[in-house]
1. Starting with the highest mean, order 36-45, 242-251 by the number of other Cβ atoms within 10 Å, averaged over the residues of each peptide.
2. Would you calculate the separation in nanometres between label points at ALA69 and ASP293, each defined as 7 Å from the Cα along the Cα-to-beta-carbon direction?
3. Which FRET efficiency value, to the nearest 0.05, do you get for ALA194 and SER303 by plugging their Cβ-Cβ distance into 1/(1 + (r/R0)^6) with R0 = 25 Å?
4. Under the 0.36 nm per residue contour assumption, what length would be gained going from the current alpha-carbon distance of ARG31 and ARG276 to full extension?
5. What are the principal axis extents of the Cα atoms in the chain, in Å, biggest first?
6. Could you tell me what fraction of 2.2 N^0.38 Å the Cα radius of gyration of the stretch 176-300 comes to, as a two-decimal ratio?
7. If you stretched the chain out fully between ALA250 and ALA225, how much longer would it get, using 0.36 nm times the residue separation minus the C-alpha to C-alpha distance?
8. How much length, in nm to one decimal, is gained on full extension between ASP58 and GLU240, taken as 0.36 nm per residue of separation minus their Cα-Cα distance?
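All of the numbers you see were taken from the coordinates with simple rules; none came from a lab. Just so it is clear, the model here is predicted, and its values are computed rather than measured. Here the Cβ is made from the backbone with ideal geometry for all residues, glycine too, and neighbour counts use every protein chain on show.
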Amino acid sequence: MTLTPVAPLPEHEVRVRAPGKVNLSLRVGPRESDGYHPVLTVFQAVSVFEEVVATPSDVRELTVSGPQAELVPTDPSNLALRAAALLAERAGVDEGVHLHLHKGVPVAGGMAGGSADAAAALVACDTLWRTGLGRDDLLELAAELGSDVPFSFVGHTAVGSGRGHLLTPALSRGEFHWAFAVQDRGLSTAAVYAAFDELAAAGDPPDPEGDVPLMQALRAGDPRALGAALHNDLQLAALELDPGLAEPLAVAQDAGALGVVVSGSGPTVAALARSRQHALVLAAAFTASGVADRVLTAAGPVSGARVVAAD
Ligand SMILES: C[C@@](CO)(OP(=O)(O)O)[C@H](O)COP(=O)(O)OP(=O)(O)OC[C@H]1O[C@@H](n2ccc(N)nc2=O)[C@H](O)[C@@H]1O
Ligand SMILES: Nc1ncnc2c1ncn2[C@@H]1O[C@H](COP(=O)(O)OP(=O)(O)O)[C@@H](O)[C@H]1O
């Protein structure tokens, strides 16, 4: 009998899921000296997920699968690898890791897919390496990686201030249903903020009073009121850079969406539905009119980055 050598199994594997987001409201003030804009935003995490699988390795390396995988950098600029490197440095760990990203969230779509990968990688490596850091330490690292990363970490519904990284949980009742019109062409977040500067040269700081009806709608679990309260100060800038976005916005309105908004810096367009069934109707309208390269339906809110399996 001959024995075929088999590759040793990894000591263990940690699988983490993290959600994409939609900004129910995004209010932006004038750019500050650090190059960032003060924002007031209400985030909702939605059931479009990134999955990150971490396995032990001698080096830090990354593979990617899923729609648009070819658009994702696999060099050290990838946010998931940056998260692993930052965690290793701060926890004083000298370990490698193989990270596999399975992307469900659109790339450069305004739904924080890269931020979800970073939050998931922090949780996965922390579990794999047993760093002993607490949740607050991980949240601090998250904020260093990007303005949206802390929200990907905590999920649910939250108000973001500062760069969007200072979070306060928000009360929200029930489930909201969405259809998303996804584009293959992405929009750079930095470019959209720059276009915003040109359109709103000397704007006012974001005003929290503007979101009172939205917060009431969330507390009441009232999708109709939420639809009427959706708001995005970056929408005009996104439309300026990508005028074609007017089409999915109009299609969703015609198909009876309760509200429709560009998600974050775009170009994904988010349409709020009356029900799960109605979200499928809105998605079908996007597809039939040819205004999206891909459509997604989802519900929110959902939790932030979570270990789903570890051995
Ligand atoms: C617009 C929003 C809304 O949630 O999300 P996305 O559409 O990118 O998902 C966020 O503000 C994006 O957050 P994130 O994508 O994490 O941005 P970062 O990596 O921190 O910053 C990228 C660039 O965006 C600009 N930026 C970002 C955040 C902010 N409050 N002001 C800014 O001006 C800066 O030019 C910065 O260099
Ligand atoms: N793990 C990652 N997934 C996707 N994009 C990443 C990742 N790491 C770095 N990037 C870079 O960040 C850009 C924006 O990422 P993404 O988070 O998908 O979009 P958005 O900021 O619009 O939500 C991408 O175009 C890509 O160049």
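1. Highest to lowest by the protection proxy: 36-45, 242-251.
2. 1.7 nm
3. 0.15
4. 84.3 nm
5. 69, 48, 36
6. Relative to the rule-of-thumb radius for its length, the stretch 176-300 sits at 1.07.
7. Roughly 7.1 nm would be gained on extension.
8. Contour length minus Cα-Cα distance gives 60.9 nm.
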